[in-house]
Structure formats: structure tokens, C-alpha cells
């Protein structure tokens, strides 16, 4: 946990105790307006998390990795943020997709089959997109790996991830720190 995350957690704890914004701000050397922003962001994230979980429950109940979902539904269900969200948006825009399946997302990140000799762009198609680097790619793969999107998705994703890690190891390719836990 970073210093800011620890600070924000303490700010939220103090606010839940009923401490006024101004007093919290003085304690942490920030304005009461900044305290209000931190608390507000946390509340929005909590609401978003509840909404996203209900959308993921709909995806899980379908248990169909080829079912098409509206673009915004996918973004909200997966809680994609920042550069990963922008990268997936660009991927969908470049292919004129207004709907996408979980299989489309998997195909974007990890190819269904990976052959030797190992070719990074064939195995990890997302790298073909100019805004996807190691950090963004790793964040997307790790994020999807932490979501339960139904038995069909979980099984296929685990297979693809296992194949990718195997080929990265066999070919002596660099495995990003965030993904080493899957090797």
C-alpha cells in the first residue's frame, strides 16, 4: 500500500468516526476540500463496485464467452479504469465493435493457440496496439485474472494464461513482475 493509499484509508476511517472535513484536513496537511474529494471518490467507487458486481453476475449466469455485450456494459462490468480502459476502448473502436464478447477480449490479450517459435505479437495481440506497453498489458491480464466471469470464461482464461506463461518461460522471454505469479 502506497503512502497515499494509507493516508486515504486513514482519512476514510476518521470520516466514518464523524470527524469534520476541516479537522481531518488539518491533521494531514491538506485542505478540507481535498478531504471531501477523497471521501467522495471512495463513495463513487463503492457504488461502482456494487453495480459492477451485479453486471458480472449477469455475465456469469450466461456462462457464454461468445455472447455479445454492449461496449459500456463490458467496461462497467469489468471495472476497467485508466489506460487499460482506454486501450480496450481503442481496440473496440479500431474494429468498429459496439458489442464484444469475453472471447474477443481474450483474443485481444492472449491468443487461443501459441506456437513455437514464440512470436510475442502473435501470442499477445494487444502489443500490436501502439498504446499498449508492458504495464498496461500486465494490468489488463492481471485484472481479468482476478475476476470471476463464469465457469466457461475462467476455464478458457486459465488455459490461455498457462499456455502464455509456458511459452514465455520456454522461449526465455521477459515475464513482467505483475504476471510472474502466474508462471
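The values are calculated or read from the model by the stated rules, or taken from the named source; none is laboratory data. Note that this is a predicted model, so its numbers are computed, not measured. Positions of Cβ are backbone-derived with ideal geometry, glycine not excepted, and every protein chain shown enters the neighbour counts.
At-a-glance table
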| item | result |
| --- | --- |
| Those residues of the range 137-173 which are more than 16 Å from residue 111 (Cα to Cα) and either outside the structural domain of residue 89 (by TED's automatic domain parsing) or free of Cβ contacts under 8 Å to residues at least 12 places away in the same chain (or both), in sequence order | 146, 172 |
| Qualifying position, being part of a helix (DSSP H, G or I) and closer than 23 Å to residue 57 by Cβ, among 121, 140 | 140 |
| Some residue of the range 12-23 being under 26 Å from residue 77 (Cβ atoms) and out of contact with any strand residue (DSSP E or B) (no Cβ under 6 Å at 6 or more places or on another chain) | yes |
